[in-house]
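Contents: one structure, followed by commentary.
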Amino acid sequence: MILQRLEHIFGAAADPGQAAPMRAYMRNRFEFLGITSVPRRELTLDVLRGTPRPGEADLLATARACWALPEREYQYFACDYLRKHAAVLTPAAVPVLRELITTKSWWDTVDTLAANVCGPLVAAHPALVSTMDTWTAPGTDLWLVRTALLHQLRYRDRTDRARLFDYCERWSAEPDFFIRKGIGWALREYAKSDPAGVREFVTAHPGLSPLSVREALKNLG
């Protein structure tokens, strides 16, 4: 039901004039309907108006169905839907989340899933920290690594400092831009709670990339 409403409402709002620059901004990796963020969120409210709170199975099925559609706005809807109902997810959701993170992967969906879906899920089910550890093992898909780096982004003073620093150190030599940026972003957010700890970590790890250091210390002067 939701998927039919979604395709009808989003399809009617498609704007080919907006789709071209949106596609170009994403390096032509995805097709777009041409619905920018503000109207898309308003349309999302229309899609969900009057619908019941989903159970985990329905939530994940809807997300996977959105991922199967060609236009990127449907994946954005899925991310927003998962974020809104992240509290209903259990460890059983991990295989589907892994699938979403590693399929049609780019920062725009991965970052939302990392900080706003995986993060709350791990916080609610602490045993899942072992999954984050697995996702930072050598040879892992780099988008899973970025997810693990960023999953504590909203934790502030609840951050597992040792685990965050371990992940950052483990991947500090990785040349990929998104990993280096992710390390810096994760450290910058944690610095809001522990600026001295982040300064100390950066000083003690001269092997961090200039990008990671610049991002980590961005708000520390």
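The values are calculated or read from the model by the stated rules, or taken from the named source; none is laboratory data. Note that the structure is predicted; figures quoted are calculated from it, not measured. All Cβ positions, even for glycine, are placed from backbone atoms using ideal geometry, and neighbour counts span all protein chains on display. SASA here: full protein model, heavy atoms, side chains in, ligands and nucleic acids out. Shrake-Rupley method; radii C 1.70, N 1.55, O 1.52, S 1.80 Å.
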Checklist entry - What does the charge dipole of the stretch 130-221 about its Cα centre add up to, to the nearest 20 debye, if the Cβ of each Lys and Arg holds +1 and the Cβ of each Asp and Glu holds -1? => result 360
Checklist entry - Applying 1/(1 + (r/R0)^6) with R0 = 41 Å to the Cβ-Cβ distance of ASP58 and SER193, what FRET efficiency is obtained, to the nearest 0.05? => result 0.70
Checklist outcome for this item: Computed ³J(HN,Hα) along the stretch 140-145: with the Karplus parameters 6.51/-1.76/1.60, θ = phi - 60°, integer Hz and x for glycine or proline, the list is 6, 3, 5, 6, 5, 4
Checklist entry - Hey, what do the phi angles of the stretch 24-34 turn into as Karplus ³J(HN,Hα) couplings, whole Hz, using 6.51/-1.76/1.60 and θ = phi - 60°, x for Gly and Pro? => result 5, 4, 8, 6, 6, 7, 9, 7, 9, 7, x
Checklist entry - What residues have an amide H closer than 5 Å to that of GLU31, excluding those fewer than 5 places away on the same chain, when H is modeled at 1.01 Å from N in the peptide plane? => result ARG72
Item to check | Charge dipole (debye, nearest 20) of the stretch 12-64; +1 at Cβ of Lys and Arg, -1 at Cβ of Asp and Glu | outcome: 200
Checklist outcome for this item: Ranked by GNM mean-square fluctuation in the chain (Cα springs under 10 Å), the top entry among ALA191, ALA68, ALA114 is ALA68
Next on the checklist: Using 0.36 nm times the number of residues separating ALA162 and SER37, minus their current alpha carbon distance, what extension gain do you get?
Outcome noted: 41.4 nm
Item to check | Global geometry of the stretch 1-128, whether rounded, prolate or oblate, following the gyration tensor of its Cα atoms and the 1.5 cut on a/c | outcome: oblate
Checklist entry - How far is the Cα center of the stretch 1-64 from the Cα center of the stretch 164-181, in Å? => result 32
Checklist entry - Given the pairs LYS104/LYS192; LYS104/LYS181; LYS84/LYS192, which span a C-alpha to C-alpha distance of over 23 angstrom in this model? => result LYS104/LYS192; LYS84/LYS192
Item to check | Solvent-accessible surface (1.4 angstrom probe) belonging to LYS104, in square angstrom, nearest 10 | outcome: 70
Checklist outcome for this item: Taking 0.36 nm per residue of separation between PHE177 and ARG27 and subtracting their Cα-Cα distance, the length gained on full extension comes to 52.5 nm
Checklist outcome for this item: Beyond 30 Å, the calculated P(r) of the chain holds a percent of Cα-Cα pairs equal to 29
Checklist entry - What are the ³J(HN,Hα) values, in whole Hz, obtained from phi via the Karplus relation 6.51 cos²θ - 1.76 cosθ + 1.60 with θ = phi - 60°, for each residue of the stretch 184-199 in sequence order, with x given for Gly and Pro? => result x, 5, 4, 5, 4, 5, 5, 4, 5, 9, 9, x, 5, x, 5, 4
Checklist outcome for this item: Within the set GLU56, GLU200, GLU169, GNM on the chain using Cα springs under 10 Å gives the largest fluctuation to GLU200
Checklist outcome for this item: With only helices counted (DSSP H, runs n ≥ 4, each -39500 (n - 2.57)), the per-residue ellipticity at 222 nm for the chain, to the nearest 500, works out to -18500 deg cm²/dmol
